[in-house]
Amino acid sequence: MRTISIVVPCYNEEENVRVFYDELMKNADFFEEKDLVPEIIYIDDGSKDKTVEQIRMLAEEDQHVHMVSFSRNFGKEAALYAGLKKATGEFVVTMDVDLQDPPSLLPEMFGYLEEGYESVATRRVSRKGEPPIRSFFARRFYRLINRMSKTEIVDGARDYRLMTRKFTDAVLELKEYNRFTKGIFSWVGYETKWIEFENIERTKGETKWSFWKLFIYAIDGIVAFTTAPLAIASFLGVLFCVLAFVLIIVTIVRKAVFGDPTSGWPSLVCIISLISGVQLFCLGIIGQYMSKTYMEVKNRPQYLIRDEF
Ligand code: UDP
Ligand code: MG
């Protein structure tokens, strides 16, 4: 008998806890056939509704259900980390509780592990049912980060991933505070099989991601996986030095050779505002990295546990 740990982060998902369990258990025959014992780990990310009660009720019925409950909302990345840490299985899978990651794909994914892959990742090929403006910015984000970072971040990649113990341990080796799981999965390497599926809309409840939250998340991802913006800041600095040098020469020559008066108050104002803008922009970039470094150095725990079984 081998254990397969199923890690499910939940934040205010009282309606989905049981629906997810029922859907997952449609794979019972598959588990039996492969000699797998499921270990279902719900991570309650500080939910304010009845999520915890729902998980407890399930656990009373099925001893394979486990829970880690946080003292407050620490975010999905922390929830995933806690789940991977708690998982004891030889195989581990992370998936959303809202059934946007269909459990019916598990047998196919498991097949690839048997072929020798260390992890099987999923990506959605469409963004059906998503606001167009969100899709637009998501696409731009993936193009940008992939141009800047050596770690490949796949467009449409979901956090739905089946992995071996070796892969899980590798992910757990990365203990950073600012976790960007999509990047971490890709960073650790190993043979990964990608499978694709059409976007599925959330069964019940609402998405926990506002546009603004996603925007911050995108910046965090860039800062966590590339230092290219710092290089851009240095490049801008050099560019403006060269420009200033050329302007000085031009002004001197105009005065000395042609005797033109050195006037130009309006252009001066434009130049000063442009350059101070660029300066503040670059300072902001440095600030982003500094603040992340500050958080890492503080070395605070990623999450605090209120309850666990
Ligand atoms: N989630 C979480 N903590 C949070 C936000 C979300 O654990 O702070 C969980 C949520 O319960 C769900 C998964 O992360 O299982 C994905 O969230 P959601 O469906 O809201 O995101 P979307 O699918 O819209 O990207
Ligand atoms: Mg979702």
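The table below gives the values:
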{"item": "Test result for ALA121, free of Cβ contacts under 8 Å to residues at least 24 places away in the same chain and either part of a strand (DSSP E or B) or among the hydrophobic types (A, V, I, L, M, F, W, C) (or both)", "result": "no"}
{"item": "Sole residue being out of contact with any Pro (no Cβ under 7 Å at 6 or more places or on another chain) and more than 24 Å from LEU172 (Cα to Cα), chosen from ASP44, ASP98", "result": "ASP98"}
{"item": "Hits in the stretch 89-101 (condition: within 16 Å of ligand 1 (Cβ to nearest atom) and either at positive phi or open to solvent by 20 Å² or more (accessible area, probe 1.4 Å) (or both))", "result": "ASP96, LEU99, GLN100"}
{"item": "Restricting the stretch 196-229 to residues that are within 14 Å of ligand 1 (Cβ to nearest atom), within 11 Å of the chain's Cα centre (by Cα) and touching a residue at least 40 places away in the same chain (Cβ under 8 Å), the residue that is farthest from GLY287 (Cα to Cα)", "result": "LEU214"}
{"item": "THR164 being farther than 15 Å from GLN100 by Cβ and either more than 16 Å from ligand 1 (Cβ to nearest atom) or surrounded by 19 or more Cβ atoms within 10 Å (Cβ to Cβ) (or both)", "result": "yes"}
{"item": "Output for the stretch 6-40, where each listed residue is within 16 Å of ligand 2 (Cβ to nearest atom), open to solvent by 20 Å² or more (accessible area, probe 1.4 Å) and out of contact with any helix residue (DSSP H, G or I) (no Cβ under 6 Å at 6 or more places or on another chain)", "result": "TYR11, ASN12, GLU15, VAL19"}
{"item": "Residue in the stretch 96-108 that is at pLDDT 90 or above and assigned to a strand (DSSP E or B) present", "result": "no"}
{"item": "Index of the failed condition, ASP307 passing every other in (1) modelled with pLDDT of 85 or more; (2) open to solvent by 50 Å² or more (accessible area, probe 1.4 Å); (3) under 30 Å from VAL125 (Cβ atoms)", "result": "(3)"}
{"item": "Residue tally, condition part of a helix (DSSP H, G or I) and closer than 14 Å to VAL97 by Cα, over the stretch 59-77", "result": "1"}
{"item": "Test: residue in the stretch 278-298 that is among the basic types (Lys, Arg) and open to solvent by less than 60 Å² (accessible area, probe 1.4 Å)", "result": "yes"}
{"item": "Residue match in the stretch 179-198 (condition: exposed (fewer than 15 other Cβ atoms within 10 Å of the Cβ) and within 16 Å of ligand 2 (Cβ to nearest atom))", "result": "yes"}
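Matching residues to (1) part of a helix (DSSP H, G or I); (2) β-branched (Val, Ile, Thr); (3) more than 16 Å from ligand 2 (Cβ to nearest atom):
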{"residue": "GLN54", "(1), (2), (3)": "yes, no, yes"}
{"residue": "ALA79", "(1), (2), (3)": "yes, no, no"}
{"residue": "ALA82", "(1), (2), (3)": "yes, no, yes"}
{"residue": "THR88", "(1), (2), (3)": "no, yes, yes"}
{"residue": "VAL92", "(1), (2), (3)": "no, yes, yes"}
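The values are calculated or read from the model by the stated rules, or taken from the named source; none is laboratory data. Just so it is clear, the structure is predicted and the values come from calculations on it, not from any experiment. Methodologically, a virtual Cβ is constructed for each residue, glycine included, from the backbone with ideal geometry; neighbour enumeration extends over all protein chains shown. Side chains included, ligands, DNA and RNA excluded: accessible areas come from the protein's heavy atoms. Shrake-Rupley method; radii C 1.70, N 1.55, O 1.52, S 1.80 Å.
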